[in-house]
Amino acid sequence: MNSSPASAELSDGINPKPREVTPEYTISEHDRLSIPQFLTAVLLATVGGGLLALIGWFVLSKTNLPSFNSSYLTRSVTTACLSILVLAVSVVLYHWVKNRPGHSKLAELLSYAVLYLAPAAMVTIVLGIPLSGTRLYLDGISVDQGFRTQILGRMTSELSLADVAYVDLPSFYPLGWFFTGGRFANLLGLSGWEAFQPWAIVSLAMAASLLVPIWQRLTGSLPLASAISLTTTAIMLTTNSEEPYAAIVAMGMPAAALIGARALSGRRVAIAGITLYLGISATFYTLYTAVAALTVVVAAAAVALTTHSLKPLIRLVVIGTGAVLIALTVWLPFVLKVLSGAPTSNEGGATHFLPEGGSQVPLPMFAFSVLGMLCLLGLIHLMVRMTDWDIRALATALMMQYFWVIASMISTLGGSTLLGFRLSTPITMTLATAGVGAAAALHYVDFQKLWPDIVRRRVTKPINAALLVVLCLAGLGYVQSIPSRISGPIELAYTDSDGNGERADKWPADAAVYYADINKVIAEAGLPVTDTVVLTDEYNFVAYNPYRTYQAFTSHYANPLGEYDARNLAIRSWANLKTSTELIDAMEAAPWRAPDVLVVRGQTDQPEQPLMLDLGVDIHPNYPNVRFERVMLPQTLFEGHWDATQVGPFVVLVRK
């Protein structure tokens, strides 16, 4: 982000004739990390941030704070802790800038500890305290979070890359975050749904603290690195924390833009860095990976054209090859299955989703807020400093993000989208990163030269100090509002029933109170949880319990190799059969493993009434994009070949 000689020195392929550039807003070139120092800092920040969050979560889970949605006490404690954090960071930054390089080794060590762990502390405070009274994470078990919980449950129960729903299929969803989360759950002895909250907090804290050494390496300034990392973390917590694996990738996108630009110039460390980022992110969340990769491709093409050199393109091939090899550690089973000619579904898909946000271009710089002002400052900064290589890299990333948003809107005419509404978070992060750089540049503005008749030389430093105080208070004002901004997802964590059939707000639970009895019926039939195929529309049941499912929740969550539409047709056809034998024959004739258990709604003491099962139908581009159609199955279809047990409103049918 700075234009120091060290950062401006580019090899052939970007600038054949490197030139010295005077630093414009470098806070401290003494903070630049060597490669060994950087690798050590990355390890310490990541491990330290994760341990801080884990210890914090464990301590908070033992408290007895009131429910977030019924008392302001939890919000008060959160605000108090955030105030202490902002004050501590402000004092350390002021001391660092004022005394560097003259402070002691002890002061330097303490400063590094505070600034490296501050992002992790922010994550722990903002998420850990409000969620301390519930075992669920943001959004509880509602809609998307149920699907994510189901995946984590699958990865906790087995060491494989198996599909979350369908038996004998590789996963279509990138499992990097979920696989490591499964090992985290195994280490702590937790079930998948119980591990979701702590793993989300710990993994986000690790990624947030990791940003500090990365930005310190890029900028040569610890204060600037700390400011960017804390700002990025705050934006993530506000906009995308309910989807932790995507948030982790998004937080790295601004830094990846700079690293990618430097990689194209031939810097080996940068080549390794962008290769690792693209490869690992492809195992976490492919949408953001695609946008980041597009940015590198466009930058490589532009540099190759302007310099008349093939070197940037050769480096691009090296980066792409390495990233693909890393991604294949997760994607290879699915790719091989597709290449084998396996049939796929023709209905739905994750891209069949167009909410209101998908019809609007994100313009955070015009929001009347502290963040909006920072983004506007960043936009101006990007425009006036386009000659700086790092600024140009950020601007390229921003343009590609907006390009993706517009392309997504146009693609709706073809019956699908590119999920452009999800680019709001990285767009805001990119603008805010540039805004923090612009704010840092103000530290070196000589106000006396700007307004010699108004500002005297001796008041220049007090003005800078006043600006620092205003920025710190603005930061506190924003971060203390985060719990209120995500109050809806927090409240769902208290109002949804957990895997034990309990609500954290102590109100009566929903149908989850019957899940333990359903499990008991299946277990008494001698069926193992991890190798039993269940057909049900009670998807919270399979989210909390890692059974295989005969049909996915909707086509938008379904593996295309699972043939969602064909399965729906088969299930509907069962309603027209007459006998139990015909049903068994139809199930066995289908190309998929037949269900061992059905969990449907109905009453066994009313044999004339059918059993009910709802199936999701894609109705994109409508919003909501799913309609549920009820299938009525006569109870006569299950006579003789199935054992029926009434459990509350459910009928549990176990095949003999």
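What to note about this one:
- One equal scatterer on each Cα of segment 506-571, no solvent, Debye formula: the resulting log10 I(q)/I(0) at q = 0.20, 0.22, 0.23 Å⁻¹ is -0.87, -0.98, -1.03.
- Over segment 167-243, accessible surface divided per residue gives 22 Å², non-protein components excluded, 1.4 Å probe.
- Extended-chain gain in nm, criterion 0.36 nm per residue less alpha-carbon gap, residue 366 and residue 646: 95.1 nm
- Among beta bridges from DSSP that stay inside the chain, the antiparallel ones total about 80%.
- The chain, accessible surface, carbon-and-sulfur percent (1.4 angstrom probe): 65 percent
- Spin-label model distance (nm) - residue 307 vs residue 43, 7 Å beyond Cα toward Cβ: 3.3 nm
- Hz values of 3J(HN,Hα) by residue in segment 185-193 - Karplus curve (6.51, -1.76, 1.60), Gly and Pro given as x: 5, 4, 5, 8, x, 10, 6, x, 5
- Our estimate of slack between residue 606 and residue 581, defined as 0.36 nm per intervening residue step minus the Cα-Cα distance, is 6.9 nm.
- Euclidean distance between Cα centres, segment 254-319 to segment 45-87, Å: 38 Å
- Gap separating the Cα centres of segment 479-501 and segment 179-216, nearest whole Å: 19 Å
- Per residue, the accessible area of segment 93-158 comes to 34 Å² when a 1.4 Å probe rolls over the protein heavy atoms.
- Virtual spin-label span in nm between residue 336 and residue 88, 7 Å along Cα→Cβ: 4.8 nm
- Simple point charges give the picture: +1 on the Cβ of Lys and Arg, -1 on the Cβ of Asp and Glu, and for the chain a dipole about the Cα centre of about 2880 debye.
- Of the chymotrypsin sites (Phe, Trp or Tyr not before Pro) found in segment 31-117, those in coil by DSSP whose Cβ has at most 12 other Cβ atoms within 10 Å are 72.
- Annotation: per residue accessible area for segment 531-597 equals 32 Å², rounded to a whole number [probe 1.4 Å, protein chains only].
- With q set to 0.13, 0.15 Å⁻¹, the log10 of I(q)/I(0) for segment 458-581, from the Debye formula over equal scatterers at the Cα positions, is -0.78, -0.92.
- Span from the segment 330-404 Cα centroid across to the segment 606-656 one, whole angstrom: 40 Å
- Normalised convex hull volume, the chain, alpha-carbon set, Å³ per residue: 163 Å³
- Charge dipole (debye, nearest 20) of segment 107-214; +1 at Cβ of Lys and Arg, -1 at Cβ of Asp and Glu: 140 debye
- Net charge in the neighbourhood of residue 508 (other residues with Cβ under 13 Å of its Cβ; Lys, Arg +1, Asp, Glu -1) is -2.
- Loop-located trypsin sites (Lys or Arg not before Pro) across segment 500-602 with a Cβ neighbour count of 10 or fewer within 10 Å are 578, with loop assigned by DSSP.
The values are calculated or read from the model by the stated rules, or taken from the named source; none is laboratory data. Fair warning: this is a prediction, and the values are worked out from it, not measured in the lab. Positions of Cβ are generated from backbone atoms using ideal geometry, with glycine treated the same way; all protein chains shown enter the neighbour counts. Each accessible area value is taken on the protein alone, full model and side chains, heavy atoms only, with ligands, DNA and RNA left out. Shrake-Rupley method; radii C 1.70, N 1.55, O 1.52, S 1.80 Å.
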